[in-house]
Structures are given as structure tokens and as C-alpha cells.
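To keep things clear, I will list the structure first and then write my remarks on it.
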């Protein structure tokens, strides 16, 4: 199995099926895909309805994830499997632009959220294993700030920490 398929398998496992948790700011999700994201993907001009989200197939979810969270943001240039996995998962969880900004900040380049020539050049010169630790640290701090600034998000803290533990332990 190639690394992209493994990453997609792991994301689908972590995200699970249809959920409509009242504290989730994204509203109803299926395979971790929000109504807003699905509506944009399908070019509906509106968020998808809860029924449309619930009817989302795994095949469409995989296609959406591949385009919106790997190819679209430019993450396919990352050659370090664990760093690629971390950035794709961070993009799914916190937005691909934010994940790209964490990478750029770790690289010491302009953190504009666009993986362009300067980011790719810095990435080619960097120790991607070191970058992994820096990006993971930024992601952990971000999750802590989410809970601090919106205590209702603490309903998700245990799940978020379990997710992060997989990256800390190197089990992904």
C-alpha cells in the first residue's frame, strides 16, 4: 500500500462516520468532512445539508481528501512519510492553510500558507525529521489554545490528545 492510501485509511479511521455533535463548530460531519467543505467540493453554492453529509460515500471522501488536503495544498512534495502524514492530518483537522503555515514557520520562511518555490527550496534543504517535531509542537499548542479560548471545545480534548499521541508515539 502506498503512503497516500495509508494516510487516507488512518484519517478515515480517526474521523469515523457520521456525527452531528452539538459542540462541534463544523456542524454535521461524515468521515470528518463538514457540511461547508462538502458543499464547496460539490460546488453547491451552499453548505451541504445534514442528509447530504450523511450520504457521503467513502470513495468520495477519499477523493475530496486527496485533492483538498494533499494535492491542492502541495503536500505531495514532502518526502518524509511521517511529516507528510502529520501535515495532511493537521490540514484535515485545522485547515490545510494553517498546516502549511506551521510547516513554513518551522522552515523559517514566510508563513503565507502557500507551498511555493521558496517553501519547496527550504524543504529540500531541511531535515524533515526535525521539522516533524516542530510542526507537531505547533499543532499541540494550537489545540491547547482552542480549549483555552473556547472551553466548550474541551468536549473534544480526549479525542484530540489520543490523535496527537499517535504522532508522538510514532505509531502512524
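Descriptive notes on the structure:
- Residues of segment 15-37 that turn out to be surrounded by fewer than 19 Cβ atoms within 10 Å (Cβ to Cβ) and in contact with a helix residue (DSSP H, G or I) (Cβ under 6 Å, 6 or more places away or on another chain), as a count: 3
- Test: residue 83 is more than 26 Å from residue 143 (Cα to Cα), in contact with a helix residue (DSSP H, G or I) (Cβ under 7 Å, 6 or more places away or on another chain) and surrounded by 15 or more Cβ atoms within 10 Å (Cβ to Cβ): no
- Residue within segment 38-58 that is surrounded by 21 or more Cβ atoms within 10 Å (Cβ to Cβ), at pLDDT 95 or above, under 16 Å from the mean Cα position of the chain (by Cα) and in a helix (DSSP H, G or I) present: yes
- Selection within segment 93-132: residues that are surrounded by fewer than 22 Cβ atoms within 10 Å (Cβ to Cβ) and within 14 Å of the chain's Cα centre (by Cα). The member of this set that is modelled with the lowest pLDDT is 93.
- For residue 64, the conditions (1) over 13 Å from the mean Cα position of the chain (by Cα); (2) without any contact (Cβ under 8 Å) to a residue 40 or more places away in the chain all hold with the exception of (1).
- Any pair with Cβ under 6 angstrom, 6 or more apart, that starts in segment 109-137 at a residue that is on the phi > 0 side of the Ramachandran plot and ends at one that is part of a helix (DSSP H, G or I) and surrounded by 17 or more Cβ atoms within 10 Å (Cβ to Cβ): 113/100; 113/101
- Filtered residues of segment 2-33 (kept if farther than 24 Å from residue 84 by Cβ and not in a strand (DSSP E or B)): 17, 18, 20, 21, 22, 23, 24, 25, 27, 28
The values are calculated or read from the model by the stated rules, or taken from the named source; none is laboratory data. Nothing here was measured: the structure is a model prediction, and the numbers come from that model. Neighbour counts are summed over all protein chains in view; Cβ atoms, including those assigned to glycine, are modelled from backbone coordinates with ideal geometry.
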